[in-house]
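Presented below is the structure to which this report refers.
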Amino acid sequence: MTVALFGTGLLGGAIAQRLLACGEELWVWNRSPERHASLQRLGAHPAATPQEAASQASWLITVLSDGPTTRELLLERIQEGLRGRTVIQMGTIGSAESRDLAEAVSSLGGRYLEAPVLGSKPEALAGSLQLMAGGPEELFEQARPLLLRLSAEPVRLGEVGSAMAAKLALNQLIASLSHAFSLSLHLVQRSGVEVEAFMALLRNSALYAPTFDKKLERELTGDYSNPNFPTAHLRKDLALFEKAAQASGLETMGLEGLLSLLQKATPAGLDPLDYCALHALTAGRTAAAEQP
Ligand SMILES: NC(=O)c1ccc[n+]([C@@H]2O[C@H](COP(=O)([O-])OP(=O)(O)OC[C@H]3O[C@@H](n4cnc5c(N)ncnc54)[C@H](OP(=O)(O)O)[C@@H]3O)[C@@H](O)[C@H]2O)c1
């Protein structure tokens, strides 16, 4: 099975590396070609255009930043080249955006499976992503050997849209848990309580989540460089969650403050940094001092 992968960013680059390590024949395309130079050294074939990559493969994996970018690539650039191909869409986009894409890909003679993931660069490199799929069962079964390269247990949650809804639900938890922990950590420090003593209490409680320890050192040192998941993408996903939740009739008032706070990441220069840079925003009046 020849695969073409579009978008060799943080996640896409790691997925490409994993597929190459598994011995897959892989074509890669990225808007900024310098970003896949290291993949070429590992055996990937670089494509000059998305059309060229699509023409070489039967499986097209997209790992682009958002829905509009993915739509433009598939429907405006590859377009007729989708005929007879299967798109595995792994970037995080809205459920409605995903359903629209599926319909458009199908009308161009292609097939579409959404396959968002939980986990980041390290998990992609190790093939241990948590992969959720949405789409026809038969297609999921056909894609399974490829999906197993990336995830020990890919799970199909239902039709197109279902996996994106689950992914956004998980990312809402990333944002809300990070925000809640960050505020508590600041208050503990500003009250003169020893962080380790507070963490010991937290770790022994039902409130503990492993993500707290995972990000603690970065938050204590203010080092948000070398991101696995950038702040800009967390904001994008929270906004997608809010839209979907509102469409489902949920009350999202509690999220609005967090979204407004995340908007401040752009002028603060935090967008490309790790999402736990949210901690620099919750620092409030001393935020400038805490930024790397
Ligand atoms: N990183 C993670 O841990 C993680 C985990 C789960 C899901 N995701 C999702 O996966 C997707 C990719 O995330 P990432 O972390 O890999 O992001 P990233 O490093 O920012 O990569 C984004 C990719 O999209 C491309 N892109 C952006 N705008 C484009 C445009 N207008 N035209 C063509 N290509 C464009 C970029 O190309 P350039 O290199 O040219 O900028 C790059 O290949 C996002 O939807 C994200 O939410 C990420």
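We did not get these values from a lab; they are worked out from the coordinates using the rules stated. Owing to the predicted nature of the structure, the values given are computational and were not obtained by experimental measurement. A quick note on method: Cβ atoms are made from the backbone with ideal geometry, for glycine too, and the neighbour counts reach across all protein chains shown.
Tabulated results
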item	result
For the chain, size of Cβ-based charge dipole, Lys and Arg +1, Asp and Glu -1, in debye	280
Computed over segment 95-148, Kirkwood Rh from alpha-carbon pairs, angstrom	12.3
FRET efficiency, LEU108 to GLU138 (Cβ-Cβ, R0 22 Å, nearest 0.05)	0.65
In order through segment 206-215: 3J(HN,Hα) via Karplus (6.51 cos²θ - 1.76 cosθ + 1.60), integer Hz, x for Gly, Pro	6, 7, 5, 10, x, 4, 4, 5, 4, 9
Efficiency of FRET from Cβ geometry, LEU177 and THR252, R₀ 25 Å, rounded to 0.05	0.90
Partners for LYS243 among lysines (Cα-Cα distance below 20 Å; same-chain residues under 8 apart left out)	LYS167, LYS264
Reach of LYS214 by Cα under 16 Å, taken over lysines that are not fewer than 8 positions away in the same chain	LYS121
Karplus-derived 3J(HN,Hα), 6.51/-1.76/1.60, for each residue of segment 84-95, Hz, glycine and proline x	x, 9, 10, 8, 10, 9, 9, x, 8, 9, x, 4
Debye-sum result for the chain in log10 I(q)/I(0), which assumes one identical scatterer on each alpha carbon, at q = 0.16 Å⁻¹	-1.26
Rg over Rh [alpha-carbon atoms, Kirkwood Rh] for segment 164-290	0.97
Karplus-derived 3J(HN,Hα), 6.51/-1.76/1.60, for each residue of segment 22-39, Hz, glycine and proline x	7, x, 6, 7, 10, 9, 10, 9, 9, 3, 9, x, 4, 6, 10, 4, 5, 6
Per-selection Kirkwood Rh - segment 41-183 (Cα, Å, 1 d.p.)	15.7
Reciprocal mean inverse distance between Cα atoms of segment 129-210 - Kirkwood radius, Å	15.6
Extended-chain gain in nm, criterion 0.36 nm per residue less alpha-carbon gap, TYR208 and GLU159	14.3 nm
Spacing of the two label points (7 Å from each Cα toward its C-beta) at SER38 and LYS264, in nm	3.3
Most fluctuating residue given options GLY269, GLY12, GLY91, as computed from a GNM of the chain linking Cα atoms under 10 Å	GLY269
Theoretical FRET efficiency, 1/(1+(r/R0)^6), r = Cβ-Cβ of ALA48 and ALA21, R0 35 Å, to 0.05	0.90
Amide H partners (placed H, <5 Å) of TRP27, local residues excluded	VAL3, ALA4, LEU5, HIS45
